[in-house]
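Inspection log for the structure reproduced underneath, given as structure tokens.
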Amino acid sequence: MSPGTAISGTYDHGLVTLSVIIAVLFSYAALDLAGRVTSAHGPVRHLWLSGGAVTMGIGIWTMHYLGMLAFRMTVPVEYDWHIVVLSFLAAVFASVIALFVVSQKTMTLAQTLLGSGFMGGAIAGMHYIGMSAMRFPAMIHYSIPVVLLSVFLAVIISLVALLLTFHFRSDATLWSWRKGGAALLMGSAIPVMHYTSMAAASFTPATMSAQDLSHTLSITSVGTAGIIFVTFMVLGLTLLIVFIERRFSTQAFDLAASEQRFRAVFEGAAIGIAIIELDGSKIVAVNPAYRKMLGLYSAPDANRQKSSRSSSHRHLTP
């Protein structure tokens, strides 16, 4: 291919910068989502896993798609929406793998390597599937060495992301410089893979049949703004839900700890203590000292004794 036949293109630096910012913000959200998935159990865990995967998938896919829209060529470009949806599903699949691996009690070397391989492969697949959705009067040519480099970078970036997320998943603070630094590293690394993949592609003029446009969409500036708006709405809602859930979890933990302290004092007291209803109708609990003092075994025994005494009192009353 001679240089004269290639279609030139330039990047919109504003969209490039925005794609990196989105990657960093969603990387920070991923650290919190991993902690929520890890601490949850049963159906709630599945809910956090699925919801978190969709949220992270939206972030990864939006970064990728904005990076593609940032590349402006001299020919009009449309996108086959069926293939675009498939690329989004690949991003969600990568997120499912990430959250599942980092939410385990331990993360072995085999799990880490296998998870990073699948995750990196899914991210690379998302990009090249997204590239295949392009419909324009040109043909895409790939540099095989650069493609292999982009896949390698995707796997290495996934490996680093899994290790960082696993390390910070138990950090319950809303903000810390260490978490911020980890999110910055992860969020900056993901676009590196994307723009390396873009560098692997070159374009030459070609004819395009009418059938190629049967399922295509033309993304206008309004559509791009809509994608950005929805993405930030999802990010804000996710961070709000994580914040509220963390507050409730903290309050529940404090309440449980307070109850344990009270139980320890109650059971270990040297004097007899009985807890009764406000109207005095029922004894709720008695401590060991109380049972030893009256020769009882449990709170029901104390209630039966109390009932017996009350009955005897009513029988003797004229």
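The values are calculated or read from the model by the stated rules, or taken from the named source; none is laboratory data. Given the structure is predicted, the values throughout are model-derived calculations rather than measurements. We place every Cβ from the backbone using ideal geometry, glycine too, and count neighbours over all the protein chains shown. All accessible areas refer to the heavy atoms of the entire protein, side chains included, with ligands and DNA or RNA removed. Shrake-Rupley method; radii C 1.70, N 1.55, O 1.52, S 1.80 Å.
General remarks:
- Within region 179-203, being open to solvent by 20 Å² or more (accessible area, probe 1.4 Å), farther than 16 Å from ILE60 by Cα and touching a helix residue (DSSP H, G or I) at 6+ places or on another chain (Cβ under 7 Å) holds for one residue alone: ALA199.
- Answer residue from region 1-15, given it is of a type in the set (A, V, I, L, M, F, W, C) and out of contact with any helix residue (DSSP H, G or I) (no Cβ under 7 Å at 6 or more places or on another chain) and is modelled with the lowest pLDDT among those: MET1
- Unmet requirement for ALA154, which otherwise passes all of (1) in contact with a Ser or Thr (Cβ under 8 Å, 6 or more places away or on another chain); (2) surrounded by 15 or more Cβ atoms within 10 Å (Cβ to Cβ); (3) at pLDDT 90 or above: (1)
- Beta carbons closer than 9 Å, at least 6 apart along the sequence or on distinct chains, pair a first residue in region 261-282 that is under 16 Å from LEU294 (Cβ atoms) with a second that is polar (S, T, N, Q) and at pLDDT 80 or above for ALA269/ASN287; ILE271/ASN287; GLY272/ASN287; ILE273/ASN287; ALA274/ASN287; ILE275/ASN287.
- Residue within region 20-39 that is touching a helix residue (DSSP H, G or I) at 6+ places or on another chain (Cβ under 9 Å) and assigned to a strand (DSSP E or B) present: no
- Residues in region 40-59 that are of a type outside the set (Val, Ile, Thr), surrounded by 14 or more Cβ atoms within 10 Å (Cβ to Cβ) and part of a helix (DSSP H, G or I): ARG45, TRP48, LEU49, SER50, GLY51, GLY52, ALA53, MET56, GLY57, GLY59.
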